[in-house]
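The structure appears below as structure tokens.
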Amino acid sequence: MKKVGFIFDLDGVIVDTAKYHYLAWRKLANELGFEFSKEQNELFKGVSRKRCLEILLDIGKIKATQEQFDTWMIDKNVDYLAYIEKMDAKEILPDVPRVLEYLKKKNIPIALGSASKNARPILEKVNLVSYFDSIVDGNSVTKAKPDPEVFLIAANNLGVNASSCIVFEDAVAGIQAANSAKMTSIGIGDSNILDEASYNFKDFTEISDSFLESLLSKNRKK
């Protein structure tokens, strides 16, 4: 029987930190003299901090020296960290603990696969870090999603074949990364946007224990 692994993205899947990223990017945009909308913030889903800043500067038509760019990257993160400092378990999205507990009781290896460089401290703040056998974040990878690097490293860390991994993602780039790695992709959010996913759910309240069991059974046979 093949070993199966589960990999979770962080932002928008386990916790909703997107709102804090937005506030920090909007603050920087305002300081640089232009507005940054929630609609524009959708472009940042699943994207590295460096690429986000490049997009932001394009929106504001701002030219930057390397020194300015590096400074603004740091400034944004300082503001973001200030926002997440007060995070606690109330920030966990509905039914995520139930799913993690179900997998843990079955001794299924679980990994985090996130572009966030603050993934571990966030998991610690919301008391979920103990569920994860591996945490692969923005400090561990050189290539951003849709490149599958983050998920392939996670699979390797879990000792599971990529084709036997199941990935939960809320971003198009993340779904594409999972598909590229030949993993089962589960979209959390708008199915019209995440239409490349193997399965789609609005959130974890729609994911039953029987569905998780069917995933385990199907992927053990791959």
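The values are calculated or read from the model by the stated rules, or taken from the named source; none is laboratory data. All figures in this text were calculated on a predicted structure; none of them were measured in a lab. All Cβ positions, glycine included, derive from the backbone under ideal geometry; neighbour counts span all protein chains shown. Remember, those area values only see protein heavy atoms, side chains included, never the ligands or the DNA or RNA. Shrake-Rupley method; radii C 1.70, N 1.55, O 1.52, S 1.80 Å.
Compactness check for the chain: Cα Rg over 2.2 N^0.38 Å is 1.02. Backbone geometry of segment 115-129 corresponds, through the Karplus equation with coefficients 6.51, -1.76 and 1.60 at θ = phi - 60°, to 3J(HN,Hα) couplings of 6, 5, 7, 10, 4, 4, x, 5, 4, 5, 5, 9, 6, 10, 4 Hz, x marking Gly and Pro.
Based on protein heavy atoms only, segment 102-222 ends up with 43 Å² per residue of surface accessible to a 1.4 Å probe.
Atom-type composition of the exposed protein surface of segment 161-222 places 47 percent of the accessible area on carbon and sulfur (1.4 angstrom probe). Residues whose amide H lies under 5 Å from that of Gly5, counting only those 5 or more places away or on a different chain, are Cys165, Ile166; hydrogens are built 1.01 Å from N in the peptide plane. Among Ser116, Ser208, Ser164, the largest mean-square fluctuation in a Gaussian network model of the chain, built with springs joining Cα atoms closer than 10 Å, belongs to Ser208. Largest accessible area first, the listed residues Lys218, Lys61, Lys182, Lys19 line up as Lys61, Lys182, Lys218, Lys19 when surface is computed with a 1.4 Å probe on the assembled protein chains. For the set Lys182/Lys218; Lys2/Lys104; Lys19/Lys125; Lys63/Lys117, the pairs lying more than 21 angstrom apart at their alpha carbons are Lys63/Lys117. Annotation note: trypsin sites (Lys or Arg not before Pro) in segment 82-154 located in DSSP loop regions with a Cβ neighbour count of at most 13 within 10 Å are Lys86, Lys106, Lys143. Computing the accessible area with a 1.4 Å probe over protein heavy atoms, can you report the carbon and sulfur percentage for segment 10-106? That share works out to 54 percent. The string of couplings for segment 57-68 from the Karplus curve (6.51, -1.76, 1.60, θ = phi - 60°) is 5, 5, 4, x, 6, 9, 9, 9, 6, 4, 5, 5 Hz, one whole number per residue in order, with x for Gly and Pro. Extension gain for the segment Asn139 to Glu213, taken as residue separation times 0.36 nm less the Cα-Cα distance, is 23.4 nm to one decimal.
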